[in-house]
Structures are given as C-alpha cells and as structure tokens.
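See structure below.
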Amino acid sequence: MVIIVYDIPDNKRRNNLSNFLEGYGNRVQFSVFECFLTLSEMKDLFEKVKKKVKTSEDNVRFYWISSNATSQILTLGSQPPEAPPKSYII
C-alpha cells in the first residue's frame, strides 16, 4: 500500500492532483490517498505526479507501507484499508 499526502497552496494544481489520484486509490482525507500499488506502480505514479506539481511550492509525499504493516493499521471513524479484489466477474 502507498499513502500519498500533499499540501498544495494553489487550488487549480491541488484539484488537478486530487482528481488524478482518484483513479489510483481511495481518498481518506482531503489531502490523503491510500493506494494499493506495487513498488513499480508507485514509482511510475511518482513520475506522473512530479509533472503535475510545482516543486518549489508544493509538497507531495509517498509512503510505502509493506503488506505486513497494513494488517496492523488502526482506524477510528472509518473502516481499515482493504485491497481491491484481484479480479472482477462481469
């Protein structure tokens, strides 16, 4: 799992990034996303996000959470993070 947190002062860039990240994971707070990605997918996403932000003004952090640690996450006010199904039946 990857936790992505950001502090972006510009409304346009912040909205652009949050809309973009909704395609990768679940928004759990205004500026926090939980994404179930491989390490390779995280690195690819990092490069895409880098093109969307202004590094002189914006702060974006990617935290890699190992699969062992995800079972130890405690939450209040919401359900613990759960990986999406590996497959869907249509």
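The values are calculated or read from the model by the stated rules, or taken from the named source; none is laboratory data. Bear in mind the structure is a predicted one, so any value in this text is a computation, not a measurement. Every residue, glycine as well, gets a Cβ built from its backbone with ideal geometry; the counts of neighbours run over all protein chains shown.
The condition (being under 23 Å from residue 69 (Cα atoms) and either touching a helix residue (DSSP H, G or I) at 6+ places or on another chain (Cβ under 6 Å) or not hydroxyl-bearing (Ser, Thr, Tyr) (or both)) is satisfied by just one residue among 12, 43: 43.
In the set (1) part of a loop (DSSP other than H, G, I, E, B); (2) surrounded by 13 or more Cβ atoms within 10 Å (Cβ to Cβ); (3) of a type in the set (Lys, Arg), residue 54 fails one condition alone, (2). Listed by first and then second residue, the pairs with beta-carbon distance under 7 Å, at least 6 apart or on different chains, first residue in segment 65-77 and of a type in the set (S, T, N, Q), second surrounded by 10 or more Cβ atoms within 10 Å (Cβ to Cβ), are 70/1; 70/81.
Scanning segment 67-90 for residues that are over 14 Å from residue 25 (Cβ atoms) and surrounded by 10 or more Cβ atoms within 10 Å (Cβ to Cβ) yields a total of 3. Checking each residue of segment 3-15 against the condition of being in contact with a Ser or Thr (Cβ under 6 Å, 6 or more places away or on another chain) and among the aromatic types (Phe, Trp, Tyr) gives at least one match. I'd like the residue in segment 42-51 that is surrounded by 10 or more Cβ atoms within 10 Å (Cβ to Cβ) and free of Cβ contacts under 8 Å to residues at least 24 places away in the same chain and, out of all such residues, is nearest to the chain's Cα centre (by Cα). Going through the qualifying residues, I end up with 46. Among the residues making up segment 1-42, those that are in a strand (DSSP E or B) and polar (S, T, N, Q) are 26, 29. A search for C-beta distances below 9 Å between a residue of segment 6-28 that is free of Cβ contacts under 8 Å to residues at least 60 places away in the same chain and exposed (fewer than 15 other Cβ atoms within 10 Å of the Cβ) and any residue that is of a type in the set (Gly, Ala, Ser) and not in a loop (DSSP other than H, G, I, E, B), counting only pairs 6+ apart in sequence or on different chains, returns 27/18. One residue stands out in segment 57-90 among those that are modelled with pLDDT of 95 or more and more than 14 Å from the chain's Cα centre (by Cα): the one that is farthest from residue 4 (Cα to Cα), namely 57.
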